[in-house]
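Reviewing the structure listed below.
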Amino acid sequence: MSQQMTPNVTDGATSFADLGLRSELLDALSGLGYEEPTPIQREAIPPLLQRRDLVGQAATGTGKTAAFALPLLERMPDGDRGARPTVLVLVPTRELAVQVSQAFHSYGRGLGVRVLPIYGGQPIGWQMKALDRGVDVVIATPGRALDHIGRGTLRLHEVKAVVLDEADEMLDMGFAEDIEEILQKTPPERQTVLFSATLPPRIEGLTGRYLQDPVRIQMGRESGPPGEAPRVRQSAYMVGRAHKPTALGRLLDVEAPNAAIVFCRTREEVDQLTETLNGRGYRAEALHGGLSQEQRDRVMGRLRGGTAELLIATDVAARGLDIEHLTHVINYNVPSAPDSYVHRIGRIGRAGREGVAITLAEPREHRMLKTIERATKQRIEVEKIPTIADLRTRRLELTRATLNESLLEDDFEHFRAVVESLAEEYDVMEVALAAVKLAYDSSGAASDEEEIPEITHKPERYGKDRREPAGRRERRGRTPDRGMTRLFFGIGRSAGIRPQDLVGAIAGESGLAGRDIGAIEIADRFSLVEVPEAAADDVITALRRSTIKGRKATVRRERDAANRRSG
Ligand code: AMP
């Protein structure tokens, strides 16, 4: 019992601790469920810690935000910090400003770092007050940053590091002059970091003028390992984050894998997805680096024995696993580097067997998908997520096949009396239809009715069109689907609540069918459940009168969803 983890969990790969990050940051990362650095983090963090300037060619999805945020946070002074920012990050859009500041905030929590996003569209007075109270890291869109600089509310004389994130997009959006003006307002001895998905000549010009002897890092240039390409059908589906669980469920229903492994980025994501899938009737097992050897063995046993059909895992935990009969590898997110993609799908299509590799990509990860295609020299077909109608068709096919089998078996003599007695009252055709419906209803693992908006990605048009790329406008926070409303339940994971408990309580008390209930999110102390708007009041009344897992819980419509999300 001395061994806690399998030897292959850490297998020589660089860890965050090896990179020399301080304990507060390491704690934050492990709290977020990050198990190991991504390739770009491995390459960029050491030179950034040495205060080198750096040009990184990396798209969204590579982990580039942490690659620059961690080393800059590492250098935050412990004691008294002044009121003026020491780190300035310029980003093209407000969405990115919010995302990057959330990243700084969560990594820097243990350091008490004060982070402020400033972007157009938000009241400037509020931003001025926040700047006045004192901040360490400002993440700004160029226009709004200049506005504050002009008013004297953003002072940059103490800035030690500037990051230009998604620099090519900022230039495409016409921010070139603004960026240069801002850079000129910062001390010349600052550290300057530029990340960009592409490196056109204009970026090189900017680099030449403002970066000193930069380290250069290119992601995705490496090609896949030599050797025979696996016989794997590779497809990708573009889907917004909010719809990923449903999209995955549909793909699983249509693909009906024998055994599949679903790769997630973090431990948290593994745990959440496992819970969601089990709640929807799949048999999923979680595997991540936080499990003991014994737990891992149990999980693997269930998969091999066929009691589980899905393994939800992080890269680290799945390293070295060899699962026979694996038919599908599913990337719940675009992997952080082409090598990782190749490594993952190398588990299928072996020994002449066919395999299927599926990647769910958020619109903004489109470019990373292209990078992987280029590096692996293989096409990844972007396909449409099965619609509800597709699913119905597929289930009807399955029902028909099952009935056909049953007819061939011809072993139903003792049901004859039932049909005969019903036939006195109904047409035999109608009786058959009712029986088919019953068979159909019991066939689907999870019947979902969620509409997944179709995302069509426009071809790239760098350099010409200066407007914001379409994918950017996609909101990251989730809004309930049309006709649905979200209810708040004041009870969550800490009370042992699982999705099936909520579905059970709602269906049992209110008369809604399980399939009428939409997405379910379970947090530690509360849960959010989507129900049809028309039934919301009934559900609230019914649930207030009863208990969930033996406990009374607050039930109401979700309030200030928007505030909580953007906060
Ligand atoms: P980015 O490319 O910076 O937009 O990051 C893509 C996603 O990967 C974000 O959701 C991060 O939270 C996540 N991420 C970044 N680094 C890691 C890591 N080392 N392990 C797991 N997830 C990560």
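The values are calculated or read from the model by the stated rules, or taken from the named source; none is laboratory data. Since we're looking at a predicted model, the values are computed, not measured. Cβ placement follows ideal geometry from the backbone for every residue including glycine, while neighbour counts extend to all protein chains displayed. Only protein heavy atoms, including side chains, enter the accessible area calculation; ligands, DNA and RNA are left aside. Shrake-Rupley method; radii C 1.70, N 1.55, O 1.52, S 1.80 Å.
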key: Cross-link partners of K384 among aspartates and glutamates (Cα-Cα below 12 Å; sequence separation of 8 or more within a chain)   = E454
query = Expressed as a whole number of Å, what is the distance separating the alpha-carbon centroids of the stretch 151-189 and the stretch 493-545?
reply = 48 Å
key: Restricting the stretch 340-404 to trypsin sites (Lys or Arg not before Pro) in coil, as DSSP defines it, with at most 15 other Cβ within 10 Å   = R350, R353, K377, R379, K384
message = With a 1.4 Å probe and all protein chains left in place, how much of the accessible area of the stretch 371-417 comes from carbon and sulfur atoms, in whole percent?
response = 54 percent
Modelled FRET efficiency - R0 30 Å, R551 with A439, Cβ distances, 0.05 increments = 0.20
request  = Please calculate how many Å² of accessible area the chain carries per residue, with a 1.4 Å probe and no DNA, RNA or ligand atoms counted.
outcome  = 48 Å²
task = Run the numbers on the stretch 1-156 and let me know its relative contact order in percent, using alpha-carbon pairs under 8 Å that are six or more apart.
result = 23 percent
query = Which length gain, in nm to one decimal place, applies between I388 and A423 when the Cα-Cα distance is subtracted from 0.36 nm times their residue separation?
reply = 9.3 nm
message = Ignoring everything except DSSP H segments at least 4 long, calculate the 222 nm mean residue ellipticity for the chain; use -39,500 (n - 2.57) per segment, divide by total residues, nearest 500.
response = -12000 deg cm²/dmol
task = Please find the FRET efficiency linking R400 to Q500, where r is the Cβ-Cβ separation and R0 is fixed at 35 Å, and quote it to the nearest 0.05.
result = 0.75
key: Given K160/K370; K244/K377; K160/K185; K64/K160; K64/K244; K244/K370, the pairs whose alpha carbons are separated by over 24 Å   = K160/K370; K244/K377
Per DSSP, loop GluC sites (Glu not before Pro) in the stretch 351-401 with at most 15 further Cβ within 10 Å = E354
note = Under the rule rounded for a/c under 1.5, else prolate if a/b exceeds b/c, else oblate, using alpha carbon gyration tensor axes a ≥ b ≥ c, the stretch 389-442 is classed as oblate
query = What is the calculated FRET efficiency for I124 to E180, with r their C-beta to C-beta distance and R₀ = 22 Å, to the nearest 0.05?
reply = 0.45
key: Size of electric dipole in the chain: Cβ of Lys, Arg +1 and of Asp, Glu -1, about Cα centre, debye, nearest 20   = 2060 debye
Top positive-direction residue, dipole computed over the chain with Cβ charges, set A513, F195, Y426 = F195
request  = Whenever you get a sec, line up T14, T541, T485 from highest to lowest accessible area (probe 1.4 Å, protein heavy atoms).
outcome  = T541, T14, T485
message = Could you sort the peptides 63-76, 16-29, 117-130 by per-residue average Cβ neighbour count (10 Å cutoff), highest mean leading?
response = 63-76, 16-29, 117-130
key: Loop chymotrypsin sites (Phe, Trp or Tyr not before Pro), the stretch 393-431 (other Cβ atoms within 10 Å of the site Cβ: 16 or fewer; DSSP)   = F412, Y426
inquiry  = Tell me the relative contact order for the chain as a rounded percent, counting alpha carbon contacts under 8 Å between residues six or more apart.
reply    = 14 percent
